[in-house]
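Okay, so here's the structure we're looking at.
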Amino acid sequence: MCADFERPTWDEYFMLQAELAKLRSNCVSKSVGAVIVQNNRQLATGYNGTPPGTKNCYEGGCQRCTDRMEGRLTSGEGLDRCLCNHAEANAIMHCAILGISTGTSSVSLYSTMVPCLECTKMAVTIGVKRIVCIEEYAETDMGLVADSGIKIDRLDGSRTRYWAQKIAGKRSSKS
């Protein structure tokens, strides 16, 4: 038996997948990644950005995000004008596009950020029972989360950074 053998927990593993998806974000305001998991099997991923076939956010595709980055809007302002799909919504749509049924058993949503109200409503609709996230989001409706019976677990971001450093071949102390 090897005493030094280690591997990520399931939560750390799937959050690493969400962090990886986040790298594909084309939003200039915030990069977010999400993964939908059922029974420890990854079903779909998503990242935030403009819809397929449209100009990327970083190319000026979303005026709201441009205005936000240039200081003309504050965080949370003008969200109804944002053209970017959220990472969680993209993961949910990915399931729909591919005909993946989530049913109601053991569905978890891993997101680098707590989902907004709209994404939370979609998560409830597809049967998500647990949301695992790293960052808070001011536009989350915790009342809906509580009423729907979804459990939210916060993951320590240092753990995913630890595993990412191991992937990159860097030595780091265990957090």
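A cut-off of 5 Å between modelled amide H atoms, ignoring neighbours fewer than 5 places along the same chain, links Met113 with Gly33, Ile134, Glu135. For the range 12-124, averaging the sequence separation of C-alpha pairs within contact (under 8 Å, six or more residues apart) and dividing by the residue count gives a relative contact order of 31 percent. Looking at the chain alone, DSSP beta bridges between its own residues are antiparallel in about 55 percent of cases.
Taking trypsin sites (Lys or Arg not before Pro) as exposed when their DSSP state is a loop state and no more than 10 other Cβ atoms lie within 10 Å, the longest site-free interval of the chain runs over 1-169.
Enter the angle in degrees (range 0 to 90, nearest 10) between the Cα long axis of helix 10-22 and the first principal axis of the Cα atoms of the chain, meaning the one along which they spread out most. Relative to the chain, helix 10-22 is tipped by roughly 40 degrees. The number of Lys pairs in the chain with C-alpha atoms less than 20 Å apart, excluding pairs fewer than 8 positions apart on the same chain, is 8. From the square roots a ≥ b ≥ c of the eigenvalues of the alpha-carbon gyration tensor of the range 1-53, which class results: rounded (a/c under 1.5), prolate (a/b over b/c), or oblate? Cα axes put the range 1-53 in the prolate bin.
Look at (i) 24; (ii) 19; (iii) 15: the one that is percent of Cα pairs over 29 Å apart derived from this structure is (i). For the range 48-105, the solvent-accessible area with a 1.4 angstrom probe is 58 square angstrom per residue.
Ranking Glu136, Glu6 from most to least accessible surface, computed with a 1.4 Å probe over the protein chains only, gives Glu136, Glu6.
Ligands, DNA and RNA aside, Asp147 has an accessible area near 140 Å² when probed at 1.4 Å.
Ordered from highest to lowest accessible area with the whole protein assembly present and a 1.4 Å probe, Met122, Met113 read as Met122, Met113. Projected label points at Ser158 and Glu139, each 7 Å from Cα along the beta carbon direction, are separated by 3.1 nanometres. A Förster radius of 45 Å combined with the Cβ-Cβ distance from Ser148 to Thr54 puts the calculated FRET efficiency at roughly 0.90.
Taking 0.36 nm per residue of sequence separation and removing the Cα-Cα distance, the Gln165/Arg7 pair yields an extension gain of 55.6 nm.
The values are calculated or read from the model by the stated rules, or taken from the named source; none is laboratory data. Bear in mind the structure is a predicted one, so any value in this text is a computation, not a measurement. With ideal geometry, Cβ positions are generated from the backbone for all residues, glycine too; neighbour counts draw on all protein chains shown. Surface areas here come from the heavy atoms of the whole protein model, side chains and all, with no ligands, DNA or RNA. Shrake-Rupley method; radii C 1.70, N 1.55, O 1.52, S 1.80 Å.
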